[in-house]
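The values are calculated or read from the model by the stated rules, or taken from the named source; none is laboratory data. Note that the coordinates shown come from a computational prediction; the quantities given were computed from them, not determined experimentally. Please note: Cβ atoms are built from the backbone with ideal geometry, for glycine as well, and neighbour counts cover all protein chains shown. These accessible areas exclude ligands, DNA and RNA; they are computed on the full protein's heavy atoms, side chains included. Shrake-Rupley method; radii C 1.70, N 1.55, O 1.52, S 1.80 Å.
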Amino acid sequence: MEKKIFKLFKRSKKVSPIQDETLLAKNIAQEEIKPLDAVDEILNEINSAITDSEVINRVDDVIEAFEVKPETIDEQLAVANINKLSWLGRLKDGLAKTRNTLGKKLLEVFGKGKIDEIIYEELEAILLSADIGYAATSYLLEDIRKKVSLKGLKDASELKLELKESITELLQPLFKPLELKQNATNVMMMVGVNGAGKTTSIGKLANFFQKQGLSVILAAGDTFRAAAREQLCEWGKRNNVAVISQQDGDSAAVCYDAVQSAIANKIDIVLADTAGRLPTQLNLMEEIKKVKRVIGKSLSDAPHEILLVLDSNIGQNAINQVKAFDDALGISGIVLTKLDGTAKGGVICAIARERPVPIYFIGIGEKIDDLRPFEIKDYVDALFD
């Protein structure tokens with residue numbers, strides 16, 4: 001079956017919604033996929049932050065292209081749409097603590113009338129309290145001052161739009177499409193400290209990639225933590241994917257076997273778990289470097305991605321972790337977890353200013369589909385609105 005490339009992945013050319021659906025039409029004609037399965041695929045894609053009207057428009061395209069009876073789609077929409085929040089709604093709910101710390105205080109400042117030095121001082125204190133960090137806060141204030149001077153702004157109420165624009169510009173280096181090699185095995189090595197949500201994120205990523213029509217295999221490379229193998233095997237069962245593990249195996253050997261199995265079975269993605277470690281544990285950091293080297297021996301140019309799973313609750317310590325793992329391994333991206341449990345969601349701004357490693361995914365809940373691609377506009381809107 002021909003795979004669809006969704007917006008997370010870099011496209012060689014822009015494809016319109018109608019053309020997107022046409023990719024599935026070939027498979028329908030060959031009876032490799034049923035029309036309602038096509039609708040399922042589209043609904044999976046559009047679970048992100050788009051409006052109900054856009055959902056209906058996309059479904060109308062399916063009705064026209066595949067001659068599906070509207071009443072059958074209405075039933076699916078009732079289940080897929082009405083009974084759950086949109087991703088943007090869930091993201092706003094997840095960032096409620098940060099928004100209460102940041103947004104409400106900002107509203108007070110924006111309502112104080114004339115722009116003066118007191119306004120800037122209050123703005124600085126609020127940004128720092130949301131763990132945006134000194135470097136990022138200084139950058140934002142300087143950028144806002146320039147905008148105020150350039151546009152001749154006088155009233156504090158005009159600062160909201162300028163701050164949103166400045167934060168959006170600051171975060172641009174963190175957005176980068178995740179590029180996957182087509183018709184080849186892609187190896188993703190997952191790293192991070194204990195408790196960041198690494199193993200759980202692997203399970204959620206497996207679910208996400210499967211919804212994109214990609215095959216996945218898991219490597220239980222965390223051979224240090226008790227029950228880590230069992231936890232990953234449980235995620236394997238939930239996602240119906242194979243898990244390569246050893247009872248008393250070496251982490252590098254497990255990852256090597258998983259890559260070899262993926263190549264032999266033409267699996268699209270290997271998600272390799274590794275033992276959690278603190279950046280200060282030098283012996284363990286050397287061990288994870290060994291895992292990286294061994295993966296490289298199992299497949300040239302692998303691992304293709306080294307993803308740091310980062311707990312957003314740790315605030316400014318997140319910067320130290322990003323720097324340490326990046327210096328040791330050269331991380332290619334970040335999976336930021338537990339944004340729903342923190343008032344420090346502003347740490348994303350600190351990462352952008354001090355070590356701008358792309359953020360591929362953010363997590364805002366415990367459900368299997370509460371890990372989604374990072375979208376700057378959605379994040380900024382959820383912070384303020």
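You will find that of GLN246, GLN231, the residue that is assigned to a helix (DSSP H, G or I), touching a Ser or Thr at 6+ places or on another chain (Cβ under 8 Å) and either open to solvent by 20 Å² or more (accessible area, probe 1.4 Å) or at pLDDT below 95 (or both) is GLN231 and no other. Please determine whether any residue of the stretch 121-135 is surrounded by fewer than 14 Cβ atoms within 10 Å (Cβ to Cβ) and either closer than 30 Å to GLN231 by Cβ or without any contact (Cβ under 8 Å) to a residue 40 or more places away in the chain (or both). Yes. Within the stretch 259-287, being surrounded by fewer than 16 Cβ atoms within 10 Å (Cβ to Cβ) and not in a helix (DSSP H, G or I) holds for ASN265, LYS266, LEU278, THR280, GLN281. Is at least one residue of the stretch 268-281 modelled with pLDDT of 95 or more and farther than 20 Å from PHE361 by Cα? So far as the stretch 268-281 goes, no, none of its residues is modelled with pLDDT of 95 or more and farther than 20 Å from PHE361 by Cα.
Whether any residue in the stretch 188-201 is in a helix (DSSP H, G or I) and not β-branched (Val, Ile, Thr) is what I want to check. Checking the stretch 188-201: at least one residue is in a helix (DSSP H, G or I) and not β-branched (Val, Ile, Thr).
Scanning the stretch 368-385 for residues being out of contact with any Ser or Thr (no Cβ under 7 Å at 6 or more places or on another chain) and within 11 Å of SER201 (Cα to Cα) gives a total of 3. Tell me, please, whether a residue that is farther than 26 Å from ILE351 by Cα, out of contact with any Gly (no Cβ under 6 Å at 6 or more places or on another chain) and surrounded by fewer than 23 Cβ atoms within 10 Å (Cβ to Cβ) can be found in the stretch 302-324. No, there is no match, as no residue in the stretch 302-324 is farther than 26 Å from ILE351 by Cα, out of contact with any Gly (no Cβ under 6 Å at 6 or more places or on another chain) and surrounded by fewer than 23 Cβ atoms within 10 Å (Cβ to Cβ). In the stretch 325-352, the qualifying residues are those that are open to solvent by 10 Å² or more (accessible area, probe 1.4 Å) and part of a loop (DSSP other than H, G, I, E, B), and the one that is farthest from ASP273 (Cα to Cα) is ALA343. So is LYS297 within 25 Å of the chain's Cα centre (by Cα), closer than 16 Å to ALA252 by Cα and surrounded by fewer than 17 Cβ atoms within 10 Å (Cβ to Cβ) or not? Against the criterion (within 25 Å of the chain's Cα centre (by Cα), closer than 16 Å to ALA252 by Cα and surrounded by fewer than 17 Cβ atoms within 10 Å (Cβ to Cβ)), LYS297 does not qualify.
Would you check if there is a residue in the stretch 139-161 being farther than 18 Å from ILE359 by Cα and either under 15 Å from the mean Cα position of the chain (by Cα) or of a type in the set (Phe, Trp, Tyr) (or both)? I'd like the intermediate steps shown before the answer.
The initial filter retains those residues of the stretch 139-161 that are farther than 18 Å from ILE359 by Cα, namely 139-161.
Those left that are additionally either under 15 Å from the mean Cα position of the chain (by Cα) or of a type in the set (Phe, Trp, Tyr) (or both): 139.
The answer is yes, given that some residue of the stretch 139-161 is farther than 18 Å from ILE359 by Cα and either under 15 Å from the mean Cα position of the chain (by Cα) or of a type in the set (Phe, Trp, Tyr) (or both).
ILE118 meets all of the listed conditions (1) in a loop (DSSP other than H, G, I, E, B); (2) open to solvent by 40 Å² or more (accessible area, probe 1.4 Å); (3) not hydroxyl-bearing (Ser, Thr, Tyr) but one, namely (1).
Tally the residues that are open to solvent by less than 10 Å² (accessible area, probe 1.4 Å), of a type in the set (Gly, Ala, Ser), modelled with pLDDT of 90 or more and in contact with a helix residue (DSSP H, G or I) (Cβ under 8 Å, 6 or more places away or on another chain), restricting the search to the stretch 191-228. Qualifying residue count for the region: 6.
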